[in-house]
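As structure tokens, the structure follows; a few thoughts come after it.
The values are calculated or read from the model by the stated rules, or taken from the named source; none is laboratory data. In this text the structure is predicted, and so the values were computed from the model without any measurement. Glycine also receives a Cβ, built like all others from the backbone with ideal geometry; neighbour counts cover every protein chain displayed.
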Amino acid sequence: MALWLVAAGAPAAPARGDGPGSLFSGAYLLQVFGSLLIVFGCIFGLLYLLRKLNGLPLASGAAIRVLASARLGSREKVVLLEAGEKQLLVGVAAGNVRALYVFDEAVIARGQEHSGAGGRPGSFAALLRSSGAPGGTR
């Protein structure tokens, strides 16, 4: 459609300096590729922002909060949730969510949420081992 509009507004005879090669002149190609780079930059910038903002909580006063999580396998993980005043240890697998343990006292205090794996001091795995939950000590 844009070509039809350009053809309708163009004079019948080409003006001086407008030859068949002027469409692919260096300035025009630079403008086209520069515009293409700007469009792709905007798309990738928006995708990056969406990816970063996807993990942020939308409501700070939510009734259920994820305090910590640790991957156990490629599709399994264990998650420590806070629901009201209780903290729950939940196992999550493909198509299956199961409550593993309900803690009587808080394992992680408010404001100390973290996520990780391995034996690092302060990691969720070390915290699980020291909590006395079933299967927590080996």
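In this structure, does Gly91 turn out to be surrounded by 10 or more Cβ atoms within 10 Å (Cβ to Cβ), in contact with a Lys or Arg (Cβ under 8 Å, 6 or more places away or on another chain) and modelled with pLDDT of 85 or more?
yes
Does Arg71 count as touching a residue at least 40 places away in the same chain (Cβ under 8 Å) and over 19 Å from Arg129 (Cα atoms)?
No, not satisfied.
Of these, Glu113, Glu76, Glu85, Glu105, which one is acidic (Asp, Glu) and modelled with pLDDT of 90 or more?
Result: Glu76 is the single residue among Glu113, Glu76, Glu85, Glu105 that is acidic (Asp, Glu) and modelled with pLDDT of 90 or more.
Could you say whether any residue in segment 51-66 is modelled with pLDDT under 90, among the hydrophobic types (A, V, I, L, M, F, W, C), touching a Leu at 6+ places or on another chain (Cβ under 7 Å) and assigned to a strand (DSSP E or B)? I'd like the intermediate steps shown before the answer.
First pass over segment 51-66, keeping only residues modelled with pLDDT under 90: 51-66.
The next check asks that each one be among the hydrophobic types (A, V, I, L, M, F, W, C); those that pass are 53, 56, 58-59, 62-64, 66.
Restricting the remaining residues to those that are touching a Leu at 6+ places or on another chain (Cβ under 7 Å) gives 64, 66.
Keeping just the survivors that are assigned to a strand (DSSP E or B) gives 64, 66.
The answer is yes, given that some residue of segment 51-66 is modelled with pLDDT under 90, among the hydrophobic types (A, V, I, L, M, F, W, C), touching a Leu at 6+ places or on another chain (Cβ under 7 Å) and assigned to a strand (DSSP E or B).
Going by what's in this entry, would Ser22 be described as modelled with pLDDT of 90 or more and among the hydroxyl-bearing types (Ser, Thr, Tyr)? Quick ask: steps written out before the conclusion?
Details: modelled with pLDDT of 90 or more: no; among the hydroxyl-bearing types (Ser, Thr, Tyr): yes.
Spelling it out, it is not the case that Ser22 is modelled with pLDDT of 90 or more and among the hydroxyl-bearing types (Ser, Thr, Tyr).
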